[in-house]
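The values are calculated or read from the model by the stated rules, or taken from the named source; none is laboratory data. Remember, it's a predicted structure, so these values are computed and weren't measured experimentally. Positions of Cβ are backbone-derived with ideal geometry, glycine not excepted, and every protein chain shown enters the neighbour counts. For accessibility, only protein heavy atoms count, side chains too; no ligands or nucleic acids. Shrake-Rupley method; radii C 1.70, N 1.55, O 1.52, S 1.80 Å.
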Amino acid sequence: MAEVLRQKVGWFGPRVELHVAPEGLTLVGRAGRDSVEFAPIGDVADVTVGAGGRRADLTISFGPARPAWSLVGLPVASAEWAAAVIGEEKSALDRRSNPDYAQPVALDGLQARCAATLESRDGRAAVDLADFLLIQAVLHGASDVHFDPYSEDVAVRYRLDGLLRDVARLDSGIKQQLTSRLKVLSRLATFKKSVAQEGRAAVRVGERTVDFRFSAIPTIHGEKIGVRVFDPATSIFSIADLGMSQDMLASFERLLMQPQGTILLTGPAGSGKTTTMYAALGYLRENRKNLSSIATVEDPVEYDLRVVNQTQVNTASGLTFASALRTVLRQDPEVIMIGEIRDRETADIAVQAGLTGHMIVSTVHARSAAGVLLRLLDLGVEPYLLASSVSAVLSQRLVRKVCRSCTGSGCGKCSNTGYSGRTGIFQLLPISDEMRDLVLKRKSLAELDEQVERERVPSLLDDGSEKANAGVTSSEELTRVLG
């Protein structure tokens, strides 16, 4: 709602703003221009509107622990709107004591729960549905939620263990209200329907706070809302838990402990590269003595690492990967994580930093570990810089793990898929002197791949096959992921 107030619609008194958000109410300017008062939604005891003609008074009571907020002389419509929205947020918070907000409902039962909510004809059906579906996504361990509008309905899909699964179909009549609720949660402008927007929200689920990243984009049947779920309960911040073999893990740790160099990760979107980089930073923080400064440049910052200086790229304001990286280097960091190298300027700065006493960890999109080197050459990085700076390339994918409860036959815990959770498969390519020589000579990808084979570097398939033979995953899953 705050975006409406910033447009000067719904101003409550001279220079006073009431901001309503899922986590609480903020009153700005009541006791002076710079005054700010905050109250959690859970503290709200009652909201009343006293109307008299075209004006009304809005009173928000908090019980004996806090004086009530009284805003007088408001337009009746604005006061009623604020009371209704606060009531929605209060109701949403109260509903979280319901078992449906603490325990996962069977995936094949979500459709019935949604239908029952719609049939209740409750004016808050959209609020109930949005909150319920997001909380259930967390409880089921989904990494993403899709709200896809079509002409006759809205499809709700969860990405579970890397695969999208339809969990509900909602009547198109709820489409607009559902979209509005999701945009309110993420502080997106509800009145902007023809532009792309991005927002975020933090929601308490049990004893933890889960971060949601929202994106909205217009389609011919309405706005599609995509939600990324960042749940600390499912996050991996230890490289020992990524799924590397003991030999590979030892090699990766040795590379991280080097005083300088560039370690590059590659893999398709959703292959766990950011998780690996965060885990690497955690390892460095714990194991490199006298390490005092770690910085990141990300787009976006996915997790708040707390003990790391994290910068989020903002191209609209001119804060690109390259410009942020140049400034970060002036602040004397010892380790720098770059979310992605996607242009020549960023690539040049990164590889030069890897030669001047910094440890650089970043990602590059390429089809293989050797292909990363060729990709950087294509971006315009000088071969001598590339050959001297890059220490290793790590290629990775994520594969589903065979469900331990049923050993792959299918059960309630794995929703009868036979799989539960995911692990990584990896190819770690240390850059040898022979490989550096090929880079200096600008050899082709085929020749780089031949050198990888000569050095007997295990492939992604080799690593995956070992996990399949050990019963961690299956050969069918390897075929699905690797082709």
Find the cysteines in the chain that fail to meet the 4.7 Å Cβ criterion with every other cysteine, and list them.
114
Rank these by accessible area, largest first, 1.4 Å probe: 382, 466.
466, 382
So the angle from the long Cα axis of helix 369-379 to the longest Cα principal axis of the chain, reported in degrees to the nearest 10, equals 80 degrees
Relative contact order computed over the chain (Cα-Cα under 8 Å; 6+ residues apart), in percent:
9 percent
Using 21 Å as the Cα-Cα cut-off, could you pick out the over-long pairs in 273/443; 273/441; 192/224; 273/413; 90/183?
273/443; 273/441; 273/413
Please compute the volume of the convex hull spanned by the alpha-carbon atoms of region 318-399 and report it per residue in Å³.
101 Å³
Looks like region 158-214, by Cα gyration tensor root eigenvalues a ≥ b ≥ c and the a/c under 1.5 rounded cutoff (else prolate when a/b is bigger than b/c, oblate otherwise), is oblate
Roughly how many Å² of residue 215 are accessible to a 1.4 Å probe, to the nearest 10?
50 Å²
What is the distance in Å between the Cα centroid of region 313-347 and that of region 255-293?
16 Å
Heavy-atom accessible area per residue, region 363-451, 1.4 Å probe: how many Å²?
44 Å²
By accessible area of protein heavy atoms, probe 1.4 Å, what ranking do 407, 296 get, highest first?
407, 296
Per 10 angstrom bin, beginning at 0 and ending with the bin that holds the maximum distance, the Cα pairs of the chain fall in percents of 4, 17, 23, 23, 18, 10, 4, 1, 0
Over region 37-142: Kirkwood hydrodynamic radius from C-alpha pairwise inverse distances, Å
15.8 Å
With all protein chains in place and a 1.4 Å probe, residue 143 shows an accessible area in Å² (nearest 10) of 30 Å²
Helix 460-469: angle to the longest alpha-carbon principal axis of the chain, degrees 0 to 90, nearest 10?
80 degrees
Name the residue from 56, 293, 140 whose Cα lies farthest towards the positive end of the charge dipole of the chain, charges +1 on Cβ of Lys and Arg and -1 on Cβ of Asp and Glu.
56
Which shape class, rounded, prolate or oblate, goes with region 210-301 when its Cα gyration tensor gives a ≥ b ≥ c as root eigenvalues, a/c under 1.5 marks rounded, and past that a/b bigger than b/c marks prolate?
prolate
For the chain, what does the helix formula give at 222 nm: sum of -39500 (n - 2.57) over DSSP H segments with n ≥ 4, over the residue count, nearest 500 deg cm²/dmol?
-10000 deg cm²/dmol
Which of 195, 460, 431 sits farthest toward the positive end of the charge dipole of the chain, with +1 on the Cβ of Lys and Arg and -1 on the Cβ of Asp and Glu?
195
Nothing charged except the Cβ atoms of Lys and Arg (+1) and of Asp and Glu (-1): what's the magnitude of the dipole of region 130-195 about its Cα centre? Round to the nearest 20 debye.
360 debye
Probe 1.4 Å, all chains present, heavy atoms only: residue 219 accessible area in Å², nearest 10, is 60 Å²
Just want to confirm a number: the relative contact order over region 133-192, from Cα pairs under 8 angstrom separated by 6+ residues, in percent.
22 percent
Please compute the alpha carbon radius of gyration of region 368-483, then divide it by the globular-protein estimate 2.2 N^0.38 Å. Two decimals is fine.
1.35
Does anyone have the angle between helix 445-454 and the longest principal axis of the chain? Alpha-carbon axes, 0 to 90°, nearest 10?
70 degrees
Write down the accessible area per residue of region 113-236 in Å², having rolled a 1.4 Å probe over the full set of protein chains.
44 Å²
Calculate the length of the line joining the C-alpha centroid of region 41-77 to that of region 192-226, in whole Å.
30 Å
For the chain, with only Lys/Arg (+1) and Asp/Glu (-1) charged at the beta-carbon, what is the dipole magnitude about the Cα centre, in debye rounded to 20?
800 debye
At a 1.4 Å probe radius, carbon and sulfur cover how many percent of the accessible area of the chain?
48 percent
Taking a 1.4 Å probe, which of 439, 472 shows the most accessible area, and what order do the others take after it?
472, 439
Suppose R0 equals 22 Å. What FRET efficiency, 1/(1 + (r/R0)^6) with r the Cβ-Cβ distance, do residue 442 and residue 482 give to the nearest 0.05?
0.15
Go ahead and run the numbers for FRET between residue 166 and residue 119, Cβ-Cβ distance against an R0 of 22 Å, rounding to 0.05.
0.60
